[in-house]
Amino acid sequence: MNDPAALKKIIEDDYNAKLALKQKEESYYPEKLKEFGLKSIDRFVSYHPNPSKFMKFGITFGHKDLEIVADAIANNKPWAIVSGLNPSSPLHFGHKAIFDELLWLQQQGADLFIPITNDETYLVGKADSLAKARKTAYEDIIPSIIAMGFNPEKTHIYVDSDYPDIYNVAMDVSRKLTLNKLFGVFGWDYKEQTENPGKVFYMGGVQLAQILLPQYPEFGGPKPTIIPVGIDQHPYILLARDIAEKKGFIPPAEIDLKFLMGLDGKGKMSKSREGSAILLTDTPEEAEKKLRKAYTGGSVSGDFQRQHGGIPGICPVYGLRMYHFEKDNSLEKKCKTGETLCGQCKKEATEQVKAWLADHQRKLPEARTRINDFLLKTPIRSIFE
């Protein structure tokens, strides 16, 4: 373009649009804390001698009843974590973020329960069959979880269709559940949801069974349980807390994590949007191609960015590095001051991602030989007494 004034306007308009997006992103999570009556994580961070990196960086940002877990940690009492996973595809770096936090939580003394929900994957149409989703679980997802370093003695993984006891527990908790309550919490349209009654049973009974399972007698009875969730999953916790009280269990707590942005800059990382996610099964070369095309919070002009800085809060490359590789906030300063431009940041991100993928994938063959050590096989018989 030969018109300097027009070029300047394009650069400034692009920058102002990204600033507006940053302001919107920054207000979203505080507004949700207020809307749902949740608390900031800051007090827990100030008292814990070694909080997780996600807590220190504000990635884990909110909670409900984390105090009961803090008491269990401080007094060496039993407690549990539940975090389910939909096996519609191999894990990606958005999932890895959650598992990094789960690993820290387990290191604080918790037993970790991981339901792999191939039944949900099939019911909502993300897989053509239960068998296909089951195959993804055993071939890709469970080995990746094991390779991240979880303790087999305190990690209990089950694929729903291979652990039929979960459906007995679902029937047990469903006795305490009404359709009005279920539809009210989720704001569902009655006609739309009743066209798939299996989905209604799953979203109510089965998911509640997964959340409350650690409090059944087979696992030691009522205990503090925490569910790490994205803020959009808060209604599940509300429903589980209601049912827990009716069963004489301890209402489960929650911690809330900010989503890792997809590489396309259009929302949370998701396999369903092409180019959005780096899968943990991607080759280093595939990851490099995706990063090369990634959206950034920088300017279309290097000179403008050196002068005004980038906008890291809306940049998925920055987010990827902060979630997974950086140990302090120095990258944010380098971006905001224009010291580091997007090309250099992408180059460094690519090196970090490729090295991590290569190391992770080297661990997978050995991890596949250890699957049986992590599978939950405990029969649930107390509901028949």
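Read-outs throughout are calculated quantities, based only on the coordinates presented, and are distinct from any laboratory measurement. Just so it is clear, the model here is predicted, and its values are computed rather than measured. Heads up, the Cβs are rebuilt from the backbone with ideal geometry, glycines too, and the neighbour counts pull from every protein chain shown.
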**Net charge, Lys377 excluded, C-beta distance under 12 Å - Lys, Arg +1, Asp, Glu -1** = -4
**Message:** Nearest 500 deg cm²/dmol is fine: what mean residue ellipticity at 222 nm does the chain get from its DSSP H runs of n ≥ 4 alone, each adding -39,500 (n - 2.57), divided by its residue count?
**Reply:** -15000 deg cm²/dmol
**Request:** At q = 0.10, 0.14, 0.15, 0.20 Å⁻¹, work out log10 I(q)/I(0) for segment 264-365 with the Debye formula, treating every Cα as an identical point scatterer and leaving solvent out; two decimals please.
**Result:** -0.28, -0.53, -0.61, -1.01
**Asked** All other residues with a Cβ under 11 Å from the Cβ of Ala349 taken together, and with Lys, Arg as +1 and Asp, Glu as -1, what is their net charge?
**Response** +2
**Complete:** Around Ser299 (Cβ within 10 Å, Cβ-to-Cβ, excluding Ser299; K/R +1, D/E -1) the net charge comes to -1
**Message:** Suppose each label sits 7 Å from its Cα in the direction of the beta carbon; what would the Thr283-Glu339 distance come out to in nanometres?
**Reply:** 3.7 nm
**Request:** Enter the mean projected area of the convex hull around the alpha-carbon atoms of segment 35-262, in nm², rounded to one decimal.
**Result:** 12.4 nm²
**Inter-probe distance in nm under a simple model that places probes 7 Å from Cα toward Cβ, at Asn168 and Gln107** = 3.7 nm
**Prompt:** lysines near Lys34 by alpha-carbon distance under 21 Å, same-chain residues fewer than 8 away left out - which ones?
**Reply:** Lys22, Lys24, Lys56, Lys64, Lys258
**Prompt:** Among bridges DSSP assigns within the chain, what percent are antiparallel (round to 5)?
**Reply:** 30 percent
**Complete:** Once Lys347 and Asp128 are pulled to full extension, the length gained, defined as 0.36 nm per residue separation minus their Cα-Cα distance, is 75.0 nm
**Message:** Could you tell me how far the Cα centroid of segment 88-133 sits from the Cα centroid of segment 254-316, in Å?
**Reply:** 22 Å
**Cβ-Cβ FRET estimate between Glu245 and Ile73, R0 fixed at 22 Å, reported to 0.05** = 0.40
**Request:** Give the Cα extents of segment 1-138 along the principal axes, in whole Å, largest first.
**Result:** 68, 47, 26
**Message:** Would you work out the Kirkwood radius for the chain? I mean one over the mean of 1/r across all pairs of different Cα atoms, in Å.
**Reply:** 22.4 Å
**Complete:** Note on segment 310-362: C-alpha Rg/Rh, Kirkwood Rh, two decimals, gives 1.00
**Item:** Cα centre as origin, Lys/Arg/Asp/Glu Cβ charges: the chain dipole, Debye
**Value:** 380 debye
**Request:** Determine, from the Cβ-Cβ distance of Ala355 and Gln23 and an R0 of 25 Å, the FRET efficiency 1/(1 + (r/R0)^6), rounded to the nearest 0.05.
**Result:** 0.10
**Fill in**
The Rg/Rh figure for segment 97-186, Cα atoms and Kirkwood Rh, to two decimals is 1.03
**Prompt:** So which of Lys333/Lys354; Lys53/Lys181; Lys132/Lys247; Lys327/Lys347 end up more than 30 Å apart by C-alpha?
**Reply:** Lys53/Lys181; Lys132/Lys247
**Request:** Take Phe57, Phe325 and order them by how many other Cβ atoms sit within 10 Å, fewest up front.
**Result:** Phe325, Phe57
**Asked** Assuming R0 = 56 Å, what is the FRET efficiency of Lys56 and Arg175, from their Cβ-Cβ distance, to the nearest 0.05?
**Response** 0.85
**Asked** For segment 226-235, in order, what is each residue's ³J(HN,Hα) by Karplus, 6.51 cos²θ - 1.76 cosθ + 1.60 with θ = phi - 60°, in whole Hz (x at glycine and Pro)?
**Response** 10, 10, x, 9, x, 4, 6, 9, 3, x
**Fill in**
Put in order of increasing Cβ neighbours within 10 Å, starting from the fewest, Met171, Met261 give Met171, Met261
**Message:** Can you pull out the trypsin sites (Lys or Arg not before Pro) in segment 232-323 whose DSSP state is coil and whose Cβ has at most 10 other Cβ atoms within 10 Å?
**Reply:** Lys293
